[in-house]
Amino acid sequence: MSDARSGPDAGAVAPPAADADSESSATRNAGGDHESFHALRTLLVGQEFDRLDAMHARLDDREARRRDVAEVLPHVLLDHASDPRFTHALTPPVERAITASVRQNPGPLADALFPVMGPAIRKAVAAALTGMVESLNRTLEHSLSWRSLAWRVEAMRTGKSFGEVMLLHTLVYRVEQVFLIERPSGLLLQHVTEGEEGVRDADMVSGMLTAIRDFVQDSFQVKDGEALEAMNVGGLAVWIEQGPRALIAAVIRGSAPHTLRTTLQGAIERIHLEFSDEFEQFRGDTAAFDGARPTLEGCLHTEYRANAGPNHRTLWIALGAIAVALMVWAGFSLRARSRWNGYVDTLRAEPGIVVVSAGRRDGRYAVSGLRDPLARDPASFLAGAGLTAADVDGKWETYHAAAAPLALARARDVLQAPEGVTLTLNDGALTATGAAPLDWIAEASRLARLVPGVEKFDGTAVTDAAVRNLMNEAQAIVPLFAKGQSTFAEAQEENVRQLMARVGELARAAAILRQGFRVEVIGHTDADGVPEANLPLSRARAEQVVQLLTPIAGARLEIVGIGVGSDDPAVTSTLEADKQRNRRVTLKVTSIPATATSRSVQP
Amino acid sequence: MIQKKICMLGTFGVGKTSLVSQYVRSIFSDKYLSTVGVKVDKKEVVVDNQRVNLVLWDLYGEDGFQTIQQSYLRGTSGYLLVADGTRFDTLAAARDLQKRAVAVVGKAPFVLALNKADLEAEWQIDERTLLKVADEGWTVVRTSARTGLGVQQAFDLLTRAMLEQP
């Protein structure tokens with residue numbers, strides 16, 4: 001202090017010293033001036049000196065400085081809370097302080113953290129439990145009963161997991177009483193009951209409960225922090241959740257879900273948080289904890305089985321919906337089945353298609369069998385049955401069907417019948433009618449039996465027609481003869497040639513058909529002259545033609561010459577031109593019955 | 001209402017249970033004493049116009065002071081030491097119990113009840129011994145479970161001492 005003051009003093013004395021170079025005045029006023037100057041100085045700045053003194057005194061007073069710092073420190077911290085330098089500076093000492101506190105006595109910190117730690121730990125445990133419930137679900141998937149089916153429906157309806165629904169139905173309980181008990185005295189702080197009934201001497205029960213907990217803890221030497229958490233007697237259970245200063249004991253009738261444990265934990269944590277001061281000052285006055293009653297009453301949960309009542313209705317609705325869905329499904333299924341059956345029936349009725357197997361395979365309809373290449377495509381019947389190609393798998397092996405329409409079609413294809421020929425098939429007999437060249441008839445009669453489904457070929461009608469045609473053509477040619485001669489009249493060459501051609505064809509037909517024919521060559525004369533002369537002339541004329549035809553007749557034509565004179569005239573007239581028309585030869589062709597001839601001769 | 005936990009301490013046969021049986025409200029059977037080692041009863045007293053509910057922990061009176069009983073003592077506001085005036089050794093046992101109680105609960109109010117006051121002729125504990133005990137600062141009350149002598153007084157004294165505790 002004295003050092004500090006020497007400065008100003010020296011300074012204050014300085015001004016006269018500065019005037020020391022003025023020798024005369026310094027010498028003159030050496031004694032008196034100093035005092036008067038001091039007086040002047042005190043007069044001028046005396047107040048400042050006092051303040052300075054006070055300030056110095058305050059700086060030297062450690063207690064005062066401590067008070068000053070204590071006054072400003074909270075403001076500094078508050079005003080600069082966001083300044084990272086503060087956080088940086090404060091972190092190490094705070095960490096060291098906490099570490100030291102825990103080492104010294106972990107109790108206070110544990111007590112302070114208890115309300116915070118509880119929820120955090122529960123959260124982690126809940127996550128683990130969820131996994132467990134899921135595995136439980138999987139286990140239950142395999143158990144199927146009417147009840148579990150109903151629960152499954154409810155689970156689907158409510159969107160809950162099956163396990164959750166099962167728990168809701170299985171666990172029906174009622175929290176009848178809740179005790180709030182001080183530790184370690186076992187004194188009853190508060191007691192709430194469901195309804196009016198309850199224990200009158202809850203304080204004694206509370207004490208005894210605590211005694212029993214102590215007894216268990218001491219008897220079985222459990223670890224620190226572990227304690228009796230539940231007691232079960234038949235349908236009654238006592239669940240205990242403890243905090244550092246008190247515990248909650250809930251008396252439960254029935255089977256409570258694990259969520260109740262969470263409720264109790266939450267309640268004890270909340271009470272510790274709200275009544276920390278009351279616990280600290282507790283001297284036996286339980287009235288201080290009256291405010292905890294609402295929290296305790298919040299633990300009086302009740303779960304009635306009667307809740308299942310309304311659910312029955314919804315269950316029936318759900319079952320009804322399922323029934324309707326099943327009926328609709330059955331309807332669609334029936335319709336699909338009927339369409340399918342219709343399709344298969346159509347296929348079965350279709351010529352050239354043989355259904356070997358038909359049914360459902362891998363969720364699709366499948367049909368397999370044999371199909372004639374000439375039969376209609378099985379796929380072409382799908383639309384008619386109300387099905388699509390996507391609905392049906394078809395597998396077909398090729399075969400030649402014997403069914404009449406297919407055999408006929410095949411026969412037509414093979415025989416290539418000319419225009420004018422109609423083929424019909426009956427009981428395996430292929431019949432040709434109409435007009436056709438004999439060559440074709442011969443070919444057809446050979447090939448027809450090679451066509452699957454054709455057992456024999458009946459060409460009678462078409463043959464008869466062809467033969468009749470040939471016979472008529474042959475009979476229509478009439479060569480004329482010179483008057484009184486057995487030689488041909490003039491310009492009959494073409495006629496004769498035509499006749500020979502027709503008879504030649506007939507001979508070929510006879511050979512092809514293995515059919516014998518009798519060709520009567522009938523010679524005629526005009527009415528001039530006497531019959532005795534005409535008859536031989538007519539025979540001669542016939543013979544003339546027979547001579548021509550015999551070489552081309554072949555084995556199956558029997559050529560016979562006959563003379564009839566003038567008995568069968570073409571015309572009765574006296575005109576020369578008409579007489580010429582009677583000088584002729586006509587043919588009469590008849591078929592010879594097979595038995596009467598050498599028809600058996602093979603070509 | 002004020003609630004206080006008090007423990008009844010005393011060696012076997014001093015009459016703790018009989019001492020309180022007439023004065024307390026009890027819902028638990030005595031068999032708890034021999035099984036769990038404790039029976040909890042209740043007694044309501046009025047001291048200086050203040051109603052106090054005493055929760056009595058009657059601890060099973062073995063000669064030894066077992067570890068089980070130590071935990072029963074925790075949280076007690078006071079205790080009633082019981083000795084049998086007709087058996088000198090019970091007083092020594094009471095002294096021993098008192099020391100052990102101090103070890104568990106610290107300095108807590110207590111009252112020594114010298115029971116079987118109705119059998120004074122058979123007493124082994126003389127006046128001089130009692131004065132000596134009183135000199136140590138102990139509160140001593142002669143009680144008789146049979147006649148009810150001093151029982152209420154013992155509880156009242158203990159309750160008052162507990163209420164005076166800070």
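The values are calculated or read from the model by the stated rules, or taken from the named source; none is laboratory data. These numbers come from a predicted model, not from an experiment. With ideal geometry, Cβ positions are generated from the backbone for all residues, glycine too; neighbour counts draw on all protein chains shown.
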For the stretch B:70-80, does any single residue satisfy the condition of being part of a strand (DSSP E or B), within 14 Å of chain A (Cβ to nearest Cβ) and not basic (Lys, Arg)?
yes
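Results for (1) at pLDDT below 85; (2) in a helix (DSSP H, G or I), shown as yes or no for each residue.
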site: A:494; (1), (2): no, yes
site: A:497; (1), (2): no, yes
site: A:522; (1), (2): no, no
site: A:533; (1), (2): no, yes
site: A:565; (1), (2): no, no
site: A:573; (1), (2): yes, no
site: A:579; (1), (2): no, yes
site: A:589; (1), (2): no, no
site: A:602; (1), (2): yes, no
Do we have residue B:52 as within 14 Å of another protein chain (Cβ to nearest Cβ), within 25 Å of residue B:92 (Cα to Cα), hydrophobic (A, V, I, L, M, F, W, C) and outside any loop (DSSP other than H, G, I, E, B) here?
no
Only one of A:450, A:438 is in contact with an Asp or Glu (Cβ under 9 Å, 6 or more places away or on another chain) and not polar (S, T, N, Q). Can you tell me which?
A:438
I need a count of the residues in the stretch A:338-383 that are more than 21 Å from residue A:410 (Cα to Cα), touching a residue at least 40 places away in the same chain (Cβ under 8 Å) and of a type outside the set (Lys, Arg).
3
Residue hits (the stretch A:385-404; modelled with pLDDT under 85, over 14 Å from residue A:352 (Cα atoms) and over 24 Å from the mean Cα position of the chain (by Cα)) are A:385
Taking the stretch A:344-360 only, how many residues are surrounded by 12 or more Cβ atoms within 10 Å (Cβ to Cβ) and in a strand (DSSP E or B)?
4
Given the conditions (1) surrounded by fewer than 15 Cβ atoms within 10 Å (Cβ to Cβ); (2) touching a Ser or Thr at 6+ places or on another chain (Cβ under 6 Å), report the number of the one that residue A:273 does not fulfil.
(2)
In this structure, is residue B:127 more than 14 Å from chain A (Cβ to nearest Cβ) and of a type in the set (Asp, Glu)?
yes
Go over the candidates B:5, B:43 one by one and state the one that is within 14 Å of chain A (Cβ to nearest Cβ), in contact (Cβ under 8 Å) with a residue 60 or more places away in the chain, within 15 Å of the chain's Cα centre (by Cα) and surrounded by fewer than 23 Cβ atoms within 10 Å (Cβ to Cβ).
B:43
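Working only within the stretch A:483-520, note down all residues that are of a type outside the set (S, T, N, Q) and in contact with a strand residue (DSSP E or B) (Cβ under 7 Å, 6 or more places away or on another chain). Talk me through it step by step, then tell me what you get.
We begin by selecting, within the stretch A:483-520, every residue of a type outside the set (S, T, N, Q); these are A:483-484, A:488-491, A:493-494, A:496-497, A:499-514, A:516-520.
Once the filter is applied, which keeps residues that are of a type outside the set (S, T, N, Q) and in contact with a strand residue (DSSP E or B) (Cβ under 7 Å, 6 or more places away or on another chain), the stretch A:483-520 yields A:488, A:489, A:496, A:503, A:506, A:507, A:510, A:516, A:517, A:518, A:519, A:520.
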Of everything in the stretch A:279-296, what is surrounded by 13 or more Cβ atoms within 10 Å (Cβ to Cβ) and within 14 Å of chain B (Cβ to nearest Cβ)? Give them in sequence order.
A:279, A:282, A:283, A:284, A:285, A:286, A:288, A:289
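Kindly indicate whether residue A:414 is closer than 30 Å to residue A:431 by Cα, β-branched (Val, Ile, Thr) and either buried (at least 19 other Cβ atoms within 10 Å of the Cβ) or assigned by TED's automatic domain parsing to the domain that holds residue A:431 (or both).
The answer is yes for residue A:414.
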